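Asks: This structure is in structure tokens; I'll ask about it shortly.
The values are calculated or read from the model by the stated rules, or taken from the named source; none is laboratory data. What you see is a predicted model, and the numbers here were worked out from it, not measured in a lab. We place every Cβ from the backbone using ideal geometry, glycine too, and count neighbours over all the protein chains shown. For accessibility, only protein heavy atoms count, side chains too; no ligands or nucleic acids. Shrake-Rupley method; radii C 1.70, N 1.55, O 1.52, S 1.80 Å.
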Amino acid sequence: MADHKLPPADGPRSDQTQLRVGRLVKAHGLKGAIKVELYTDEPEKRFVPGAVFTLQVPTASKWHGKTLELTELRWYNAHAVGFFKGVDDRSEAETLIKAILWVSQDPKQLPEEEDAWYDHQLVGLDAVRDGVKVGLVARVDHLPAQDLLAIKTADGEVLVPFVKAIVPEVDLAAGTLTLTPPIGLFEELPDDDDDEPVAESDGEPQTEPEPEPEPQSGSADGDETPAR
């Protein structure tokens, strides 16, 4: 399997970083269109006509070391479909399948959305709990349900849901993020000794004896009403 890496020759300037914004997943139609799996919350900003992407492809690919220019992004059944300069038919589109799309970004620029950060701004931050460093952010995992911060600790890796209740503060200037995790996320809970197993007796399970029937009220002995 060939290595996947960004081409070093025409990479970003030293004052820029690279953001992964999408992946080309499947040819669409016969005119070179390609379905795009979006890795950005800002497709209206990243996927505009004229946007140029750096490609992450195998070194053996004809596209290695090249860039790709978007001419149009359309939506079909809630799926993003891209049209690119120089990709005019299905055969050419299929040579780009699985390519990762990257864009240059000022590392100091924050997303426009409030309380949002790019992955590269979170990776490397110290994870602090109750004023004590417990690890550092190794990476950010983007899952369908939620984002997870992979915190590298002395005892291994801990996946922390990136939600306000557990990560109430991110301080880029201080290089830290504050954690208020639930008990047991970063440590093993002690066994509860009070929960002792109930001893079972040998043989058939025993049942309680049935109570003696009480005499029926409202009738004297021997004066039962005959059934009709």
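Asks: Would you be able to tell me the number of residues in segment 5-50 that are over 27 Å from the mean Cα position of the chain (by Cα), modelled with pLDDT under 85 and loosely packed, with under 13 Cβ neighbours inside 10 Å?
Replies: Qualifying residue count, segment 5-50: 6.
Asks: Is it fair to say Val160 is part of a strand (DSSP E or B), under 18 Å from the mean Cα position of the chain (by Cα) and in contact (Cβ under 8 Å) with a residue 40 or more places away in the chain? Break it down into steps so the answer makes sense when it comes.
Replies: Values: part of a strand (DSSP E or B): yes; under 18 Å from the mean Cα position of the chain (by Cα): yes; in contact (Cβ under 8 Å) with a residue 40 or more places away in the chain: no.
No: the conditions fail for Val160.
Asks: Let me ask you something else. Only residues that are of a type in the set (Asp, Glu) and either under 14 Å from Tyr39 (Cα atoms) or at pLDDT 90 or above (or both): list them for segment 140-166, please. Spell out how you get there, then give the answer.
Replies: Step one: list which residues in segment 140-166 are of a type in the set (Asp, Glu), which gives 141, 147, 155, 157.
Scanning segment 140-166 gives Asp141, Asp147, Glu157.
Asks: If you don't mind, there's one more thing I want to ask. Return a yes/no flag: does segment 94-109 have any residue that is small (Gly, Ala, Ser) and over 30 Å from Gln146 (Cα atoms). Walk me through how you get there before you give the answer.
Replies: From segment 94-109, those small (Gly, Ala, Ser) are 99, 104; that's our starting set.
Then keep just the ones that are over 30 Å from Gln146 (Cα atoms); that gives none.
Within segment 94-109, not a single residue is small (Gly, Ala, Ser) and over 30 Å from Gln146 (Cα atoms).
Yes/no per residue for (1) of a type outside the set (A, V, I, L, M); (2) assigned to a helix (DSSP H, G or I); (3) farther than 19 Å from Gln18 by Cα; (4) open to solvent by less than 70 Å² (accessible area, probe 1.4 Å):
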position	(1), (2), (3), (4)
Lys62	yes, no, yes, no
Gly65	yes, no, no, yes
Phe83	yes, no, yes, yes
Asp88	yes, no, yes, no
Ile97	no, no, yes, yes
Trp102	yes, no, no, yes
His120	yes, yes, no, yes
Val128	no, no, yes, yes
Gly135	yes, no, yes, yes
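Asks: Out of Val87, Val128, Val134, which single residue is more than 21 Å from Ala165 (Cβ to Cβ), β-branched (Val, Ile, Thr) and in contact (Cβ under 8 Å) with a residue 12 or more places away in the chain?
Replies: On the way: Val128 fails: more than 21 Å from Ala165 (Cβ to Cβ); Val134 fails: more than 21 Å from Ala165 (Cβ to Cβ).
Checking each option against the conditions leaves just Val87.
Asks: Is segment 179-189 home to any residue that is open to solvent by 30 Å² or more (accessible area, probe 1.4 Å), within 28 Å of Asp106 (Cα to Cα) and part of a loop (DSSP other than H, G, I, E, B)?
Replies: Looking through segment 179-189, none of the residues is open to solvent by 30 Å² or more (accessible area, probe 1.4 Å), within 28 Å of Asp106 (Cα to Cα) and part of a loop (DSSP other than H, G, I, E, B).
Asks: Let me ask something else about it. Filter segment 69-81 for residues that are open to solvent by 80 Å² or more (accessible area, probe 1.4 Å) and either among the hydroxyl-bearing types (Ser, Thr, Tyr) or in contact (Cβ under 8 Å) with a residue 60 or more places away in the chain (or both) and give the result.
Replies: In the first step, residues of segment 69-81 are kept if they are open to solvent by 80 Å² or more (accessible area, probe 1.4 Å); the result is 74-79.
The one that is open to solvent by 80 Å² or more (accessible area, probe 1.4 Å) and either among the hydroxyl-bearing types (Ser, Thr, Tyr) or in contact (Cβ under 8 Å) with a residue 60 or more places away in the chain (or both): Tyr76.
Asks: Out of the residues in segment 137-155 that are outside any strand (DSSP E or B) and hydrophobic (A, V, I, L, M, F, W, C), which is surrounded by the most Cβ atoms within 10 Å (Cβ to Cβ)? Talk me through it step by step, then tell me what you get.
Replies: The initial filter retains those residues of segment 137-155 that are outside any strand (DSSP E or B), namely 143-146, 154-155.
In the following step, the residues that additionally are hydrophobic (A, V, I, L, M, F, W, C) were identified as 143, 145, 154.
Numbers: Leu143: 9, Ala145: 6, Ala154: 6.
Selected residue: Leu143.
Asks: Here's a follow-up. For Ala2, are the conditions met, namely being at pLDDT 95 or above and either part of a loop (DSSP other than H, G, I, E, B) or touching a Gly at 6+ places or on another chain (Cβ under 8 Å) (or both)?
Replies: On the way: at pLDDT 95 or above: no; either part of a loop (DSSP other than H, G, I, E, B) or touching a Gly at 6+ places or on another chain (Cβ under 8 Å) (or both): yes.
It is false that Ala2 is at pLDDT 95 or above and either part of a loop (DSSP other than H, G, I, E, B) or touching a Gly at 6+ places or on another chain (Cβ under 8 Å) (or both).
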